[in-house]
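We did not get these values from a lab; they are worked out from the coordinates using the rules stated. Owing to the predicted nature of the structure, the values given are computational and were not obtained by experimental measurement. We place every Cβ from the backbone using ideal geometry, glycine too, and count neighbours over all the protein chains shown.
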Amino acid sequence: MPLKQILIITVTVTGLVLAWSAVMAWLGQTVAIASLAPVLGLTVVQIVRAVRAHAPASGHRVAAVPEEEDDANR
């Protein structure tokens, strides 16, 4: 899935959850808001992890360096 599409979905879902929370607050449903707060946090964390998993690597790789023995052991 392209990064642009992921960002659009992320913004849409987050906006819907925040709008629902605002409606519940306007209606005085503090219990509903308290129950939605952890869900919103978890949703954001999962989206960030999904985006990072699909992000291309930088391409910069570092070669492994063999460990050297101490001079005292020689």
Inset, instruction - Would you mind computing, in nm to one decimal, how far apart the modelled labels at Ile6 and Ala53 are, each placed 7 Å from Cα along Cα→Cβ? - result: 1.0 nm
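What is the Cα convex hull volume of segment 3-54 when expressed per residue in Å³? Let's see the in-between values first.
On the way: hull volume 2.2 nm³, N = 52.
Spread over its residues, the Cα hull of segment 3-54 gives 43 Å³ apiece.
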Inset, instruction - At 7 Å along the Cα-to-beta-carbon direction for both Gln29 and Leu16, put a label point, then send me their distance in nm to one decimal. - result: 1.6 nm
Legend entry - Simple spin-label estimate for Glu68 and Leu40 in nanometres, 7 Å along Cα-Cβ: 5.5 nm
